[in-house]
Amino acid sequence: MSLGIIFMGFFVGFLVGLTGVGGAALLTPILILLGINPTIAVGTDLAYNSVTKFFGSIGHWRQKTINLQLVKHLSIGSLPGAVIAVFLLRMFENFFHYQEQLIKMVLGYVLIFVALTTLYKTFYKPKNKLNPIQAKTINEKKYLTISIGLLFGFLVGLTSVGSGSLFAVAMLLFYNLKPSELVGTDIAHAFFLVTIAGILHAGLGNVDYVLTGNLLVGSIPGVLIGSSLSAKFSPKPLRAVLAVLIFLSGLKLI
């Protein structure tokens with residue numbers, strides 16, 4: 001067991017629990033900047049996220065804060081999107097041999113986008129009046145929902161980033177959900193997405209299980225401690241700082 005990796009897992013978990021900012025947007029670029037192969041960093045992060053999202057989903061299932069219809073429609077698009085992304089990664093490696101460079105470049109742009117959406121979500125003040133898209137039922141937005149799932153699922157399969165942050169902003173903009181329902185639906189859908197993407201990456205040998213275990217040893221207590229302290233602090237300033245750091249990480253990877 002590596003104390004350095006365990007501490008990093010604790011630190012990331014603590015920040016996620018305290019601010020709600022996605023763990024993948026913090027962890028994946030850190031792993032790459034520490035010299036871990038980008039493909040292994042993505043696969044390992046997906047495996048790590050699958051475990052953490054599983055426990056989060058159980059909690060929200062018990063609280064009945066998951067919109068199953070929305071999870072279903074998002075998954076219809078996002079799961080094939082992740083499969084396509086992993087397949088294309090494999091094709092690029094077989095034919096062009098620059099899979100690592102592709103991941104770093106796409107990850108950089110996705111991180112910048114995630115940083116901007118995090119800032120938007122942090123300072124966005126919802127209006128009392130619903131916009132025309134929010135006013136429609138989920139069934140009326142079925143194809144929009146599937147399209148959102150396909151696009152963001154592809155990005156998650158490619159980079160491991162966005163299973164929470166990107167989908168959360170889409171839900172905020174296009175769906176009329178209670179805050180607790182938005183969080184629960186986001187986590188439940190993310191569990192299915194990162195699990196399928198993680199299994200695909202594992203099948204290609206892209207998961208470092210020892211690294212995943214060490215990260216989980218640190219992150220689980222980190223999330224619990226961060227969550228317990230979140231009610232005592234305003235997360236907005238720290239969330240904004242983390243968004244800036246994610247933005248800078250994205251620039252560095254491009």
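What to note about this one:
- For the peptides 178-185, 56-63, residues were scored by their other Cβ atoms within 10 Å and the scores averaged per peptide; the highest-first order is 178-185, 56-63.
- Dipole moment magnitude, nearest 20 debye, the chain about Cα centre, only Lys, Arg, Asp, Glu C-beta charged: 1000 debye
- Charge dipole of the stretch 127-254 (Cα centre as origin; +1 on each Lys and Arg Cβ, -1 on each Asp and Glu Cβ, all else neutral): 540 debye, rounded to the nearest 20.
- The lysines whose alpha-carbon is closer than 29 Å to the alpha-carbon of K129, local same-chain residues fewer than 8 away aside, are K64, K72, K121, K141, K142, K178, K236.
- Leading residue at positive end of dipole, the chain (Cβ point charges), from T65, G222, I76: T65
- Alpha carbon centroid spacing (whole Å) that separates the stretch 184-254 from the stretch 103-130: 16 Å
- Shape descriptor for the stretch 72-194: Rg over Rh equals 1.02 (Cα atoms; Rh from the Kirkwood inverse mean 1/r).
- Of the Cα atoms belonging to the chain, the radius of gyration and Dmax stand at 17.2, 53 Å.
- Potential lengthening of the chain between W61 and L251 amounts to 64.6 nm, from the contour at 0.36 nm per residue minus the alpha-carbon distance.
- Measuring nothing but how far apart in sequence close Cα pairs (under 8 Å, 6+ apart) lie, relative to its length, the chain scores a relative contact order of 46 percent.
- Given charges at Cβ of Lys, Arg, Asp, Glu: the stretch 3-253 dipole, positive-most of F87, T122, I148: T122
- Radius of gyration over Kirkwood radius for the stretch 1-138, both on Cα atoms: the Rg/Rh ratio is 1.00.
- Taking every full run of DSSP H in the chain, the ones that stretch at least 18 Å from end to end by Cα along their long axis and average -0.5 or higher on the Kyte-Doolittle scale are 3-19, 38-63, 68-95, 99-123, 142-159, 179-203, 209-230, 235-253.
- Under a 5 Å amide H cut-off, with hydrogens placed 1.01 Å from N, S163 pairs with nothing among residues at least 5 apart or on other chains.
Computed from the coordinates by the stated procedures, all read-outs in this text should not be read as laboratory data. Note that the coordinates shown come from a computational prediction; the quantities given were computed from them, not determined experimentally. Counting neighbours? That spans all protein chains shown, and the Cβs are built from the backbone with ideal geometry, glycine included.
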